[in-house]
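Take a look at the structure set out below.
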Amino acid sequence: MHAFSAMFNRKQEDSSDTRVIPHSSPIASGSQIANGIIRPAYVIERYAAYYPMNHKRRGMALIFSHNKFSVSNVKLPVREGSAIDCKRLKETLELFRFDVKVYPDFKLEEIKTTIGRVSSMDHSDSDCFLIAVLTHGEDGDIVYAYDHPYELSIIWSFFTADSCPSLAGRPKIFLVQACRGNRLDHGVKVQKDGVARYSIPTHADFLFAYATIPGFMAFRNTTEGSWFINELCKELQENGHKYDIHTLLTFVTQKVAYDHESVSNIPEFNMRKQTPCVVSMLTRLLLFNVV
């Protein structure tokens with residue numbers, strides 16, 4: 001048995017976020033639900049191309065950053081480099097006027113309490129909402145709090161349109177830096193040759209950006225932070241006001257896929273690749289306007 005924290009030497013420090021394995025403007029002050037009908041805090045034209053990003057606030061951004069763990073019967077290595085990710089992401093989001101809150105090494109019940117409290121708030125004066133989870137993970141969208149594993153749906157289900165009406169019709173972004181399994185990508189060599197009346201689905205307007213595809217590992221450099229968060233912050237800082245979020249994430253995927261390769265003194269984990277994964281239920285283009 002080898003923990004991933006021991007798989008990579010100190011000079012070449014790509015690690016992974018898996019557990020140990022064998023070698024528009026507001027028209028109302030708030031939203032309401034009556035007789036099963038969601039009345040959002042604001043309504044925009046049915047086929048508007050862009051989400052309105054001109055509210056009083058950009059919105060809240062919650063970062064659940066996990067470095068150390070104490071999970072019964074599961075040995076999880078310290079996530080060296082996670083503090084770099086957290087600092088970089090916080091500073092980047094603040095550049096875009098997000099109200100950033102960092103929650104380090106929270107237990108599962110603390111996460112649930114925080115999420116429940118935030119989802120009950122009035123977000124009517126916010127453009128959007130964001131949550132980032134930086135932790136270990138495994139198959140089935142399972143991630144780890146300080147003391148327990150849990151499904152990501154525990155977090156995002158608090159923000160569906162029926163659970164959090166003041167965010168109905170607004171983009172809700174979820175960033176997940178965690179492994180999604182134990183498989184490794186060996187890669188291949190490429191040779192150069194207003195008052196609109198319409199219903200809103202409860203699960204619309206979500207965007208999930210994962211560090212890797214289902215079943216595979218996500219890498220994190222112990223001195224430079226994770227590949228995904230590093231490239232995401234770079235892209236936001238360089239082009240965040242120029243391109244919409246889908247385009248930005250496409251370029252993030254490009255950088256992670258083409259520019260990064262793991263380095264390990266264990267052959268099985270050396271020269272491995274990673275591909276981020278984006279799942280979008282957004283119904284409009286999301287562009288962070290310059291303020």
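The values are calculated or read from the model by the stated rules, or taken from the named source; none is laboratory data. Please read all numbers here as calculations on a predicted model, not as lab measurements. Positions of Cβ are generated from backbone atoms using ideal geometry, with glycine treated the same way; all protein chains shown enter the neighbour counts. Note: areas computed on protein heavy atoms with side chains; ligands, DNA, RNA excluded. Shrake-Rupley method; radii C 1.70, N 1.55, O 1.52, S 1.80 Å.
Structure notes:
- Residue-level check: of (1) crowded, with 22+ Cβ neighbours inside 10 Å; (2) outside any loop (DSSP other than H, G, I, E, B), residue 212 misses just (2).
- The residue that is surrounded by the fewest Cβ atoms within 10 Å (Cβ to Cβ), counting only those in the range 148-189 that are assigned to a loop (DSSP other than H, G, I, E, B) and of a type in the set (A, V, I, L, M), is 188.
- Considering the conditions (1) open to solvent by 10 Å² or more (accessible area, probe 1.4 Å); (2) among the aliphatic types (A, V, I, L, M); (3) part of a helix (DSSP H, G or I), residue 263 is excluded by exactly one of them, (3).
- So residue 113, is it of a type outside the set (A, V, I, L, M, F, W, C), modelled with pLDDT of 95 or more and more than 20 Å from residue 177 (Cα to Cα): yes
- Of the strands (runs of 3 or more DSSP E) contained entirely in the range 60-144, those carrying at least 1 residues that are open to solvent by 60 Å² or more (accessible area, probe 1.4 Å) fall at 98-104.
- Residue in the range 53-70 that is hydroxyl-bearing (Ser, Thr, Tyr) and modelled with pLDDT of 95 or more present: yes
- The C-beta contact set for the range 139-168 (first residue on the phi > 0 side of the Ramachandran plot, second residue open to solvent by 50 Å² or more (accessible area, probe 1.4 Å), distance under 6 angstrom, 6+ apart or interchain) comprises 141/151.
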